[in-house]
Every structure is written in C-alpha cells, then in structure tokens.
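Scroll down for the structure; my scribbles are underneath it.
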Amino acid sequence: MNVYDPTQLAATALIDRVKRNLVNLKMPRALEILDVTLRGIERGETTALEAIDQLLGEEITLRENRRIRMALVMARLSAIKTLAGFDFAFQPSLGRNRVMALAELQFIDRAEAVHFIGPPGTGKSHLSLALGVEAVKAGKSVYFGSLADIVAALAKAERDGTLRERIRYFCRFALLIVDEIGYLAVIPGGGNLFFQRVNARYEKGAMILTSNRGFAEWGEIFGDSVVATALLDRLLHHAVVFQIEGSSYRLRAHADLLPEHIRAKAALNPAPVPATLKRRGRPPKNGGADHLAG
Ligand code: ADP
Ligand code: MG
C-alpha cells in the first residue's frame, strides 16, 4: 500500500479508530482478527456484511467460552466429562435415550432428583459431571461436591453459627450434584445437616445424587435410620433412578486378572426401595412408578 496516498491515509486512520474502539469496547477477539477480515474484504473473498458477522460472532464465542470456563470453576466441575465421551455400549443397563433425555435439562426446571446407583467405575461421576457441564452451558448455576465435602462445609458453618446462610447459599444453585454417597460413613450429626439442606431445596431445586449403595443402606451410611427415611422421602419424590448393573470401566482392560470374588462384587445387588420408604400422599408430578423404575 502507498502510505502517501490520501485515501489510503484516511483508511489507515479509520482502521486505527476502529481498533481503538474495539479496545474501548473490550472486544479482543474482534481486534485480533480485524486485519485478516479486512484483507478478506479487499480480496473480494468476504462481503462487508459477512465481515461484521464474523467479527461479532468470534467475539461472542470468546465471551461464551470464558463465561462457561468461569461457571465451571464456580460449579467445582473439576474434571470435564462429556456425554459424547461416554461409551453407552459399555454400560447397556443405563439406557442411552433416558440419559440423553436428561441432557434436555427439563429435570432442572421440574426440580427433580436424579439418582445414579451402581458399583465403582460404572460412570456415575462421569455422567453427573457431564450433565453439570450441559447445565452450565445452558446458563444454569451448578454446584458439584462429594457428600463428605458438603457435610464438612455444613458442619463448619454450624460451628461458625452460619448454617442458615450456608443452606441458603446452597439453595441458590439450580442444580446441586452430590457425588459419592456411601463411600465414607457420614460424620456424627452430618445426616441431620444434610437433611436440612435437602429439605430446604425440596421441590425448589434439582439434584443429582450418585451412590455405590442401594437406598436400603442409607440408614447405615447416614448412621441414623430416621434421618435416612426422611431424606429418601424427599429424594425419591419426583425422582428419576438409574440403576447401573455393569462392570467397572476403569478395570475393563484388566477384568481377566481380577479374582472372582472382586469381579462378582462389582455387580451391585439391586437394592429395591423398601416399602416403608415409599412416599405416601399425593402422587409424583410426572408419571410415578414407571418413572422410578431403574
Ligand atoms: P464412578 O463414579 O461410577 O465410580 P466414574 O464416572 O468416575 O465412575 O468412571 C471412572 C472412569 O472411567 C472415569 O475416568 C470415567 O470417565 C470413565 N468411564 C466410566 N464409564 C465410562 C463409559 N461408559 N464410557 C467412557 N468412559 C467411562
Ligand atoms: Mg464416582
């Protein structure tokens, strides 16, 4: 380009102004691709309208990715898992269509509880993380934690005299994911704290819960059968239950090397909902018994 050509000089000044404006408007991606986009127009490869569309589109994509990254950190969705990365053929008991239906996220609007129950390594955390990621992408607020972490946070808040605030804080999330129910025994009083939190969210916010143990064992996990019954009363009303009966994905390459008793253990005994824990009163909003069938 001839820098002494007055039209070129005007164009250069104009481009500088556009760049300054992009800086002021905090549009780094548009700024970054401006020169390339302008060259595309000069060569007749891009129309002016397409160029505007490209600059705005790229900027929005950058912002959206940044928002998602931040929201994933806020949600404590540490390992990023996806539904696309889940091999449903390996876990046929899950029912791909039922899981994919959850990705539509209507269960969040309906404030339902989704349970993934199955032996270690069968994808419970993977699926709950992946659904959390889908919810974050859709702009929903999500919180992911293990039961032990959540109970520890509640116990600390109780000691600090801030339990009510802490429970209110947890209520703000559209989706709460409680991972690893049953791996560790809950600390004394923890069942009660967790119940307070679940009760505060009941019919107001959605939850995903994962456990390696059946509902019948919740009394043992929470160290209190009364609390466990009250918890299940809330958590099985408007609930979707996935009972995974397959084997561990982690151990798939080594299954032949495992002793028979460990291999057998990996197939969880399906734990039916005890009759006493079934909720009385008005029927579930959406379908009841079939809905509950794993
Ligand atoms: P769980 O929570 O049931 O113990 P995870 O979800 O942590 O199991 O799964 C263990 C590991 O195996 C993770 O890295 C997970 O991504 C992977 N995994 C489990 N099931 C599958 C599957 N069906 N397809 C792909 N990866 C899987
Ligand atoms: Mg897990």
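The values are calculated or read from the model by the stated rules, or taken from the named source; none is laboratory data. Keep in mind the model is a prediction, meaning the values are calculated, not measured. Note that each Cβ is placed from the backbone with ideal geometry, even for glycine, and that neighbours are counted across all protein chains shown.
Can you find even one residue in region 116-132 that is more than 12 Å from ligand 1 (Cβ to nearest atom), in contact (Cβ under 8 Å) with a residue 40 or more places away in the chain, under 20 Å from Glu203 (Cα atoms) and surrounded by fewer than 21 Cβ atoms within 10 Å (Cβ to Cβ)? The answer is no, given that none of the residues of region 116-132 is more than 12 Å from ligand 1 (Cβ to nearest atom), in contact (Cβ under 8 Å) with a residue 40 or more places away in the chain, under 20 Å from Glu203 (Cα atoms) and surrounded by fewer than 21 Cβ atoms within 10 Å (Cβ to Cβ).
Return the residue satisfying two criteria in turn: it lies in region 199-211 and is under 19 Å from Phe116 (Cβ atoms) and modelled with pLDDT under 95, and of such residues it is surrounded by the fewest Cβ atoms within 10 Å (Cβ to Cβ).
If we take residues in region 199-211 being under 19 Å from Phe116 (Cβ atoms) and modelled with pLDDT under 95, then Arg201 is surrounded by the fewest Cβ atoms within 10 Å (Cβ to Cβ).
Hey, can you tell me all the residues within region 167-224 that are of a type in the set (A, V, I, L, M) and either outside the structural domain of Phe242 (by TED's automatic domain parsing) or assigned to a strand (DSSP E or B) (or both)? Passing the criteria: Leu175, Leu176, Ile177, Val178, Ile181, Ala206, Met207, Ile208, Leu209.
Looking for something away from ligand 2 (no atom under 16 Å from the Cβ), in a strand (DSSP E or B) and within 22 Å of Ser78 (Cα to Cα) - is there at least one such residue anywhere in region 93-112? No.
Here are some residues: Leu184, Leu175, Leu163. Which one is away from ligand 2 (no atom under 16 Å from the Cβ) and surrounded by fewer than 19 Cβ atoms within 10 Å (Cβ to Cβ)?
Numbers: Leu184 fails: away from ligand 2 (no atom under 16 Å from the Cβ); Leu175 fails: surrounded by fewer than 19 Cβ atoms within 10 Å (Cβ to Cβ).
Among Leu184, Leu175, Leu163, only Leu163 is away from ligand 2 (no atom under 16 Å from the Cβ) and surrounded by fewer than 19 Cβ atoms within 10 Å (Cβ to Cβ).
One residue stands out among those in region 96-115 that are out of contact with any strand residue (DSSP E or B) (no Cβ under 6 Å at 6 or more places or on another chain) and aliphatic (A, V, I, L, M): the one that is nearest to Lys204 (Cα to Cα), which is Leu105.
Which one is farthest from ligand 1 (Cβ to nearest atom), of the residues in region 140-166 that are assigned to a loop (DSSP other than H, G, I, E, B) and free of Cβ contacts under 8 Å to residues at least 24 places away in the same chain?
Quick first cut of region 140-166, residues assigned to a loop (DSSP other than H, G, I, E, B) only: 140-141, 160-162.
When the remaining residues are screened for being free of Cβ contacts under 8 Å to residues at least 24 places away in the same chain, the result is 160-162.
Working: Asp160: 31, Gly161: 35, Thr162: 31 Å.
Among them, the one singled out is Gly161.
Might you let me know whether region 71-90 holds any residue that is part of a helix (DSSP H, G or I), surrounded by fewer than 21 Cβ atoms within 10 Å (Cβ to Cβ) and not hydrophobic (A, V, I, L, M, F, W, C)? Within region 71-90, not a single residue is part of a helix (DSSP H, G or I), surrounded by fewer than 21 Cβ atoms within 10 Å (Cβ to Cβ) and not hydrophobic (A, V, I, L, M, F, W, C).
Out of Leu62, Leu105, one residue alone is in the same structural domain as Thr210 (by TED's automatic domain parsing) and modelled with pLDDT of 95 or more. It is Leu105.
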